[in-house]
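Step one of this worksheet: look at the structure below.
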Amino acid sequence: MSNPPQTPVVGMAGGGQLARMTQQAAIALGVPLRVLAGSPGESAAKVVADVRVGDDRSLDDLTAFAKGCDVVTFDHEHVPGPHIRELEEAGVPCRPGSAALAHAQDKLVMRDKLSSFGAPCPPYAPLPSADPVPALEAFGRDHGWPVVLKATRGGYDGKGVWIADNLGVGTVELVERLIGEGVSLMVEQHVPFRRELAALVARSPYGQGAAYPIVETVQKDGICVEVISPAPGLSGELAAEAQSLALRIADELGVAGLLAVELFETEAPKTGRQGSGRGLLVNELAMRPHNSGHWTIEGARTSQFEQHLRAVLDLPLGSTEPTAPYTVMANVLGGDDPDVYSRYIHVMAHDPGVKVHMYGKESRPGRKIGHVTVLGDDLPELRERARHAADYLRWGTAMKEHT
């Protein structure tokens with residue numbers, strides 16, 4: 001008898017919660033998942049059977065990890081682009097590839113590319129490392145104050161972003177200090193937006209695309225605390241425009257896998273749109289499963305994690321149809337009391353419909369350690385239930401205040 005064909009092995013560089021939740025989808029598909037984690041204590045390393053401990057910024061560790069993998073993907077954007085190119089040149093399929101991922105790794109590269117094919121972006125400019133203050137002064141004069149200063153590489157969850165109200169001493173000192181520390185900076189117009197949205201799409205190497213409903217993301221102190229699907233009050237016209245924009249970006253950049261496009265919903269004059277009174281501007285890109293898509297585990301026919309695996313393996317993509325009129329996801333942030341498990345009994349007894357997902361991460365104040373999801377047709381009630389559960393898991397007091 002001939003040997004049966006082998007199921008392809010997917011390697012995921014990075015051992016965080018995204019890799020951890022991808023493992024759940026890999027089990028259902030019967031696809032072996034191998035994870036490159038920085039330590040045995042990382043989130044995914046605690047639950048994935050095939051874990052290689054190493055540094056995903058080390059070419060030697062990446063090369064050793066990739067041996068035996070049929071495709072390599074990523075749970076973050078910080079693997080150096082030259083290392084990914086080395087893997088590609090050695091014949092390892094990397095999805096997304098280095099050329100696409102560069103646009104999620106470098107905000108200036110992203111802005112230049114998006115602007116080249118007409119995707120709506122805020123006005124922006126690079127700040128030269130030599131004598132940056134005149135360039136910043138000129139940008140503020142042309143586009144108004146305040147402005148947004150961004151590190152072109154490495155920022156997330158509000159890190160690497162600064163608001164400058166004027167060209168005062170504090171702003172000048174900040175810019176000079178950052179450039180002195182080797183931080184590459186760019187400046188953008190401060191956009192007065194109505195709210196933040198996210199468009200999550202998938203694209204396979206074959207070229208098939210799939211788009212999830214547009215969601216609203218609620219931020220606090222630079223961290224996403226809540227996701228509502230679909231975004232309430234969003235017109236069908238603007239939702240379709242956002243989905244089409246995200247699919248076009250995925251195609252133009254040659255993305256293989258998931259793409260999350262973080263958007264500002266603005267008033268029409270900011271983008272030149274007429275008619276609906278609303279417009280869109282692209283804020284950030286992520287080429288991986290994304291916090292704005294965690295709701296899909298229960299709230300969509302195909303979770304973002306299964307969809308990412310389908311896409312990187314070039315399998316037909318799954319249905320993005322929602323399973324309920326509304327889904328609300330609330331992030332659980334770490335509090336002062338790390339004993340989250342002892343609070344399960346209260347959360348589950350109070351609301352059996354709440355789905356709890358914890359990431360196996362050490363609890364620290366403000367750190368994302370899990371999320372909760374609720375589904376139904378009464379949006380205000382869903383939001384209250386999700387916040388209630390997330391608050392209690394964090395602090396252990398919210399439930400008592402409500403009962």
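The values are calculated or read from the model by the stated rules, or taken from the named source; none is laboratory data. This one's a predicted model, so the numbers in the text were calculated from it and none came from an experiment. Backbone-built Cβ (ideal geometry, glycine too); neighbour counts: all protein chains shown. Side chains included, ligands, DNA and RNA excluded: accessible areas come from the protein's heavy atoms. Shrake-Rupley method; radii C 1.70, N 1.55, O 1.52, S 1.80 Å.
Neighbours of Gly207, meaning other residues whose beta-carbon lies under 15 angstrom from its beta-carbon, give a summed charge of +1 when Lys and Arg score +1 and Asp and Glu score -1.
Note on region 150-191: Rg/Rh from Cα positions, Kirkwood definition for Rh, rounded to two decimals, is 0.94.
Rolling a 1.4 angstrom probe over the protein heavy atoms, how many square angstrom per residue are accessible across the chain?
Ligands and nucleic acids excluded, the result is 43 Å² per residue.
Between Ser58 and Glu89, the C-beta separation translates, for a Förster distance of 30 Å, into a calculated FRET efficiency of about 0.95.
The helix-only estimate of mean residue ellipticity at 222 nm for the chain, built from DSSP H runs of length n ≥ 4 each weighted as -39500 (n - 2.57), is -9500 deg cm²/dmol after division by the residue total.
For region 93-201, the Kirkwood hydrodynamic radius comes to 15.0 Å, computed from all pairs of different C-alpha atoms.
Would you please give the FRET efficiency between Trp145 and Glu173, computed as 1/(1 + (r/R0)^6) with r the Cβ-Cβ distance and R0 = 25 Å, to the nearest 0.05? Computed FRET efficiency for Trp145 and Glu173 comes out at 0.90. Placing +1 on the Cβ of every Lys and Arg and -1 on the Cβ of every Asp and Glu, with nothing else charged, gives the chain a dipole about its Cα centre of roughly 420 debye. Here the ratio of the Cα radius of gyration of region 164-306 to 2.2 N^0.38 Å is 1.19. Using a cutoff of 8 angstrom between alpha carbon atoms and counting only pairs six or more residues apart, the relative contact order for the chain works out to 13 percent. For Ala300, nonlocal amide neighbours, meaning residues 5 or more places apart or on other chains whose placed amide H falls under 5 Å from its own, are Thr323.
How far, in nm, would the chain grow between Asp336 and Val191 when pulled straight, counting 0.36 nm per residue and subtracting the alpha carbon separation?
48.7 nm
Sorted largest first, the spans of the alpha carbon positions of region 276-403 along the three principal axes are 46, 35, 29 Å. Shown for the chain: lysine pairs separated by 8 or more places, or found on different chains, whose C-alpha atoms are under 21 Å apart, numbering 18. Qualifying trypsin sites (Lys or Arg not before Pro) in region 87-193, where qualification requires a DSSP coil assignment and no more than 16 other C-beta atoms within 10 Å, comprise Arg153, Lys159. Evaluate the distance, in nm, between pseudo-label points positioned 7 Å from the Cα of Gln219 and of Ser115 along their respective Cα→Cβ axes. Each label point is offset 7 Å from its Cα along the Cβ direction, giving 2.0 nm. Taking every alpha-carbon pair under 8 Å whose residues sit at least 6 apart, region 164-276 reaches a relative contact order of 30 percent. Based on every Cα atom in region 115-176, Rg and the maximum pairwise Cα distance Dmax equal 12.3, 38 Å.
Sorted into 10 angstrom bins from 0, the C-alpha pair distances of the chain split as 5, 21, 30, 27, 14, 2, 0, 0 percent. The accessible surface of the chain, taken with every protein chain in place and a 1.4 Å probe, is 50 percent carbon and sulfur.
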